[in-house]
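Notes to accompany the following structure.
The values are calculated or read from the model by the stated rules, or taken from the named source; none is laboratory data. Because the structure is a prediction, the values reported are computed rather than measured. FYI the Cβ positions are ideal-geometry reconstructions off the backbone, even for glycines, and counts take in every protein chain you see. Keep in mind that these areas ignore ligands, DNA and RNA; they rest on the heavy atoms of the full protein, side chains included. Shrake-Rupley method; radii C 1.70, N 1.55, O 1.52, S 1.80 Å.
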Amino acid sequence: MEGGTPTRENFLPFVKPLIEKEEIEAVNNVLKSGWLTTGPKTKEFEKNFREYVGSNEAIGLSSCTAALHISLLTLGIKEGDEVITSTFTFVSTAHAIKYVRAIPILVDIEKDTFNINHNLIEEKITDKTKAIIVVHFGGHPCNMDKIIEIAKKYNLFIIEDAAHAIGASYKNKMIGNIGDITCFSFYANKNITTGEGGMLTTNNPEIANKARLLSYLGMEKDAWKRYSEEAAWFYRITDLGYKYNLSDILSSIGIEQLKKLNEINKKRREYTNYYTEKLEELEELTLPTEKEGVKSSWHLYPIIIKKDKLKINRDQFIRALNKENIGTAVHFIPLHKHLYYKQFIKEAFPIANWVFERILSLPLFPQMTKNDLDDVIMAIKKIIKYYKK
Ligand SMILES: *Cc1c(COP(=O)(O)O)cnc(C)c1O
């Protein structure tokens with residue numbers, strides 16, 4: 001393999017945002033309109049989003065991290081409270097818990113979906129536990145029936161980190177419409193993007209009002225109406241809120257992206273099926289699956305390499321793919337392996353550790369061509385043939 005010709009001449013990145021003339025035109029229009037910050041475009045994006053997921057309320061925010069933070073604040077989670085989540089997630093999930101001075105209680109994952117193992121949740125519940133944040137890994141919904149059952153039994157809130165799961169559904173219910181609050185991301189590498197951005201959805205109007213207030217400095221913007229018909233300058237500050245609003249510039253991109261979401265997710269599913277069809281024969285790999293009753297948004301195509309069947313480890317596998325000009329990524333470095341969280345968390349998470357040593361995500365984005373997909377498949381087969389035990 002050393003010094004050989006790579007499978008492709010140019011580098012295939014792991015992901016590329018899909019920005020077309022519609023998004024560029026939409027931004028142009030907002031820039032020309034004179035209204036740049038949160039306004040009519042954000043309102044329109046929120047309405048369209050609400051209709052898409054079928055929730056009563058949707059609030060545009062500056063990121064999913066902000067949405068998670070606002071969720072916990074809104075539900076009154078505070079210092080000393082415990083919040084249960086998966087160790088196999090992006091750091092934002094746990095950081096949000098730390099922002100409100102609560103304690104992240106981590107749980108190990110399932111070996112097939114990489115989602116939180118619901119069988120391990122109850123043993124972690126104490127009288128300080130207030131909420132569970134589930135993470136729909138790679139867009140594959142968690143076992144929500146079980147999670148809801150546990151939450152009801154112990155009177156816990158459910159927050160969903162749906163950064164990967166826009167367009168996914170659980171038993172014909174759209175993600176964004178199940179837990180108390182759901183948080184979405186429009187970061188540059190997500191299924192749809194505004195560069196940076198997020199959305200909080202809920203069916204509870206009280207939660208929505210509080211979340212809106214806390215995401216804009218604790219400002220009661222409608223107060224002036226009550227105060228006087230004329231006093232447009234008047235507002236009340238009733239809380240220590242944050243400034244997490246989503247601008248009209250970004251919302252205008254979101255509106256266009258949302259229109260394309262079904263087409264984007266359809267392509268992701270098509271490419272996923274193609275990968276599986278072509279890679280299935282390789283006994284050196286375990287491929288991702290979709291459980292019955294759920295529809296994944298296929299944010300990721302994570303594969304597991306079987307270490308006992310290969311002479312190279314995951315890191316070397318990634319480097320070999322890189323030499324073939326194929327980009328990959330690793331989701332995720334488990335929370336308990338990060339220096340910051342090692343201070344608080346001393347447990348072992350055997351499944352997350354096992355998965356982390358073996359997992360990598362293949363390129364998956366709608367602009368990929370059949371040739372791109374074939375290159376990835378060819379490169380993987382070439383590497384496995386060369387390094388198989
Ligand atoms: C991307 C991501 C986030 C953070 O989203 P931002 O919009 O970048 O704040 C949170 N959780 C998970 C699982 C993610 O992948």
Please report the net charge: other residues with Cβ closer than 13 Å to the Cβ of I351, K and R +1, D and E -1. -3
If you put +1 on each Lys and Arg Cβ and -1 on each Asp and Glu Cβ, how big is the dipole of region 1-143 around its Cα centre, in Debye rounded to 20? 460 debye
As a test question: what accessible area, to the nearest 10 Å², does C64 have when a 1.4 Å probe is rolled over all protein chains in place? 10 Å²
Return one number: the angle in degrees, 0 to 90 and rounded to the nearest 10, between the long axis of the Cα atoms of helix 205-215 and the longest principal axis of the Cα atoms of the chain. 80 degrees
13 Å beta-carbon shell around E263, net charge (K/R +1, D/E -1): +2
Note the full-extension length gain between N325 and L287 as 0.36 nm times their separation in residues minus their Cα-Cα distance, in nm to one decimal. 11.5 nm
Could you please state, rounded to a whole Å, how far the C-alpha centre of region 326-349 is from the C-alpha centre of region 185-207? 24 Å
Taking the 0 to 90 degree range and rounding to the nearest ten, how far is the long axis of helix 314-323 tilted relative to the main principal axis of the chain, both from C-alpha atoms? 80 degrees
Among H338, H95, H164, the residue with the largest mean-square fluctuation in a Gaussian network model of the chain built from Cα contacts under 10 Å is H338
How much area per residue is accessible in region 262-334 when the probe is 1.4 Å and only protein heavy atoms are counted (Å²)? 48 Å²
Potential lengthening between K173 and F11 on full extension [0.36 nm per residue; Cα-Cα distance subtracted]: 54.5 nm
Going through K171/K267; K124/K295; K32/K190; K267/K307 one by one, the pairs whose alpha carbons sit over 24 Å apart turn out to be K124/K295; K32/K190; K267/K307
Peptide ranges 232-241, 371-380, 293-302 listed from the most packed, as the mean C-beta count within 10 angstrom indicates: 293-302, 371-380, 232-241
Calculate how steeply helix 370-387 sits against the longest principal axis of the alpha-carbon atoms of the chain, using the helix alpha-carbon long axis, and give the answer as 0 to 90 degrees to the nearest 10. 50 degrees
Given R₀ = 25 Å, what would the calculated FRET efficiency be for K259 paired with K32, taking r from the Cβ atoms and rounding to 0.05? 0.75
